[in-house]
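Shown next, in structure tokens, is the structure this report addresses.
The values are calculated or read from the model by the stated rules, or taken from the named source; none is laboratory data. What you see is a predicted model; the values in this text were computed from it and never measured. Neighbour counts are summed over all protein chains in view; Cβ atoms, including those assigned to glycine, are modelled from backbone coordinates with ideal geometry.
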Amino acid sequence: MKRIAMSVVILSLTVWAGAQTYGQGGQQSPPAMPTSRGAQSGQTMPAGQTAPAQATAPAAKRPPQAKTQPEFDAWKAADATTRTTAEEQASAQKNPGDTAKIMAAVADRSEKAADDFATKFPDSEVRILLYKPAMRNYHNLINQDKTEAMGRKVLNLDADDPEALVMVSEVIAERTHESDIDKDQRFDEAMKMAQKALQTVETDTTFNPGTPQERIDAYKALLRSNAYSVMGAIDFKKNNFASAQTNLQKSIDAYPSEPDAVVVLQLAIALDKQDKYPDALKVANRAVELTQDSTQIGKLARNERDRLQQLTGGAPPPAQPQAQPPKN
């Protein structure tokens, strides 16, 4: 699971809570664009000629809406369960060791609230607005089973939702191994989901009115980055290292301000596997810079760097000065 905390922050600030539009008038369709300058001025095209095609921006998806006041009230009550209460926040601050337990409780109750609402309002558009927070809560806990389960419920309601496509594909890619009998089918499903997310990120994301453009751009960039990282991870596991290199580099380029250390290390190893040792060493050094040597990923990054230094004859990193013992 990659950049979880950052993604949750971005999501909480930007993604539209569409049920709050209950009671507002329906959106009008935009006027049709003229097909040519002649058509705009009332002129007709000469016989045998057709108007040139006009480039149009993809239509934004209408946010889900509650249709009745009882439905809206029930959604609002259920939505309140998807976040920590003031008491839970205070408890976590007082006893940081209880944070994971509190987060798990929030995730469990958000799932239950979504299921209860879906049972009471089986045709409601806003069911998705409850399953998505449940998916995020489990993703934040690195609970892969529940993340996938909630993500698939989201996709059952909206097969084009890019966030759910990325999260589910990420879980599938991480949990599929070479020894799995159905690995080809699972890799194929995850790859198609990630590729689809890259297509729908522009058309199937909605945001609160007034959301700053930089936050919208950051959210979309993060989704693209994670989609490419899934594709690169699948290529890597299939020993398609050239394609893995391409997709992992795209993942880094899509969100350059916050490179994912796991993706950077995977890129270094993909280059290593292609005998591109000098390039691999540069990337491995970057992975070392992004990690602490006490972490698992940090140790792997340093092992890869040291291996590549031996292969390229690169200078080892300077030794850390040893603390002098106190004099008696």
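How many residues, within the stretch 76-112, are in a helix (DSSP H, G or I), of a type in the set (D, E, K, R) and closer than 19 Å to GLU163 by Cβ?
2
So, in the stretch 226-270, exactly how many residues are of a type in the set (Ser, Thr, Tyr), part of a helix (DSSP H, G or I) and either without any contact (Cβ under 8 Å) to a residue 12 or more places away in the chain or surrounded by fewer than 24 Cβ atoms within 10 Å (Cβ to Cβ) (or both)?
So the answer is 2.
Kindly evaluate GLU178 against the criterion of being among the acidic types (Asp, Glu), surrounded by 21 or more Cβ atoms within 10 Å (Cβ to Cβ) and touching a helix residue (DSSP H, G or I) at 6+ places or on another chain (Cβ under 9 Å).
no
Going by the conditions given, is ALA280 under 27 Å from the mean Cα position of the chain (by Cα) and either of a type in the set (A, V, I, L, M) or at pLDDT below 95 (or both)?
yes
Of all residues in the stretch 191-206, how many are under 19 Å from ARG136 (Cβ atoms), without any contact (Cβ under 8 Å) to a residue 60 or more places away in the chain and not polar (S, T, N, Q)?
4
Out of all the residues in the stretch 113-124, is one or more hydroxyl-bearing (Ser, Thr, Tyr), over 23 Å from the mean Cα position of the chain (by Cα), modelled with pLDDT of 50 or more and under 28 Å from PRO162 (Cα atoms)?
yes
Answer yes or no: is there a residue in the stretch 189-197 that is surrounded by 13 or more Cβ atoms within 10 Å (Cβ to Cβ), touching a Pro at 6+ places or on another chain (Cβ under 6 Å) and of a type in the set (Asp, Glu).
Scanning the stretch 189-197 turns up no residue that is surrounded by 13 or more Cβ atoms within 10 Å (Cβ to Cβ), touching a Pro at 6+ places or on another chain (Cβ under 6 Å) and of a type in the set (Asp, Glu).
Please name all residue pairs, on different chains or six or more residues apart, with Cβ atoms under 8 Å, provided the first residue is in the stretch 168-187 and is on the phi < 0 side of the Ramachandran plot and assigned to a helix (DSSP H, G or I) and the second residue is modelled with pLDDT under 95 and loosely packed, with under 11 Cβ neighbours inside 10 Å.
Sorted first by the residue in the stretch 168-187, then by its partner, the pairs are LYS183/HIS177.
Filter the stretch 121-136 down to residues that are of a type outside the set (A, V, I, L, M, F, W, C) and not in a loop (DSSP other than H, G, I, E, B), then give me how many there are.
Total meeting the criteria: 6.
Would the stretch 137-160 turn up any residue that is under 14 Å from the mean Cα position of the chain (by Cα), surrounded by 18 or more Cβ atoms within 10 Å (Cβ to Cβ), farther than 14 Å from PRO64 by Cβ and of a type in the set (Val, Ile, Thr)?
yes
Give me the residue from the stretch 206-225 that is of a type in the set (Ser, Thr, Tyr) and part of a loop (DSSP other than H, G, I, E, B) and, out of that set, modelled with the highest pLDDT.
Top of the filtered list is THR211.
If I filter the stretch 164-188 down to residues being touching a Phe, Trp or Tyr at 6+ places or on another chain (Cβ under 9 Å) and β-branched (Val, Ile, Thr), which single residue comes out as farthest from GLN144 (Cα to Cα)?
Among those that are touching a Phe, Trp or Tyr at 6+ places or on another chain (Cβ under 9 Å) and β-branched (Val, Ile, Thr), it is THR176.
For the stretch 112-136, name all the residues that are surrounded by fewer than 22 Cβ atoms within 10 Å (Cβ to Cβ) and of a type in the set (Ser, Thr, Tyr).
THR119
Scan the stretch 283-328 residue by residue and report those that are within 24 Å of VAL262 (Cα to Cα), at pLDDT 65 or above and not in a helix (DSSP H, G or I).
LEU290, THR291, GLN292, ASP293, SER294, THR295, GLY314
Please go through the stretch 72-86 and give me each residue that is of a type in the set (A, V, I, L, M) and surrounded by fewer than 20 Cβ atoms within 10 Å (Cβ to Cβ), ordered by number.
Those that are of a type in the set (A, V, I, L, M) and surrounded by fewer than 20 Cβ atoms within 10 Å (Cβ to Cβ): ALA77, ALA80, ALA86.
So is ASP260 more than 19 Å from TYR228 (Cβ to Cβ) and at pLDDT 95 or above or not?
no
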